[in-house]
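What follows is a short report on a single structure.
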Amino acid sequence: MATNKRLNPTDFSVERLKKYSKEELINEILILRAEIAVFKNWKGDGFKPNTNDSQPLKLHIKEGESESEYTAFFRTLSILLWMNGAIRKKDSSKFIEAFTPIGTTLNKCEWLLSKSLCVYLIEVLYDKKILKNNSDPQTAKNFGIKTSKALRHLYQTNENKHPITNYGVPKGYGFIDKAVVNALEITDTKPIGFN
C-alpha cells in the first residue's frame, strides 16, 4: 500500500533507492509530477510565481535539497513576519499557501498590521521578480483585503517617499523591505539531519 511519506532527496542514489519499496518510489514520482504540473498549469488562487529566468529563486527542488528555494523563501518570510507581529503563528502555513501553486480561499491569512503594508509586501515581491503579478484579486482571496488597489494608490501619492526609488510608500515600509531582504539572505533548502 502506498503512503504519503516523502522520500529523503539525499537518498537518490542507486544503493539507497534499493531500500525503498516500489510503492514508495511510485508515490514520490507521482508527488513530483503533480508539483511540476501545478507550476506549469497554474489554476489556483495563490499568487503566481515568476517563471522567467529573472526569478531570483529556483522553483524546482535540486538534488540534496528538501524543498525549492521559492518554497523555502516563503517559509522563512512567514517566520519573520509572525515573529514581528504581522501575522499569527498559526497563520504561518496559510501565508505560505497563499504563494503556492494551489493557493487557498478557504483559509485566509489574517494580516495584523496596516493593510497597506500587506499590499506593499506583495508589490515588493513583484518588484523583486519573485511573483509574476501583484494581483488584487489574489490579495482579496488570500488576505481578505478587498481595497488593495485603493490602498496602493493612497500610499503611492502620499508624502512618505522611499529614499532609493522616491516612490510613495506606506508608513512602516522599512519593516517589509528588511523582512524580504533577510528572507532572501537566510533561505536554506538543505534537509535537516538528525543524529
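The table for this structure:
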{"item": "Total residues in the range 148-168, condition in contact (Cβ under 8 Å) with a residue 24 or more places away in the chain and in contact with an Asp or Glu (Cβ under 9 Å, 6 or more places away or on another chain)", "result": "2"}
{"item": "Failed item, numbered, when F99 is tested on (1) open to solvent by 20 Å² or more (accessible area, probe 1.4 Å); (2) in a loop (DSSP other than H, G, I, E, B)", "result": "(1)"}
{"item": "Inter-residue pairs, beta-carbon under 8 Å, first under 16 Å from P49 (Cα atoms) and modelled with pLDDT of 75 or more and in the range 60-83, second of a type in the set (G, A, S) and part of a loop (DSSP other than H, G, I, E, B), 6+ apart", "result": "H60/S68; I61/S68"}
{"item": "Number of positions in the range 134-157 that are outside any helix (DSSP H, G or I) and surrounded by 13 or more Cβ atoms within 10 Å (Cβ to Cβ)", "result": "6"}
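The values are calculated or read from the model by the stated rules, or taken from the named source; none is laboratory data. Model, not experiment: these values are computed from the prediction. All Cβ positions, glycine included, derive from the backbone under ideal geometry; neighbour counts span all protein chains shown. All accessible areas refer to the heavy atoms of the entire protein, side chains included, with ligands and DNA or RNA removed. Shrake-Rupley method; radii C 1.70, N 1.55, O 1.52, S 1.80 Å.
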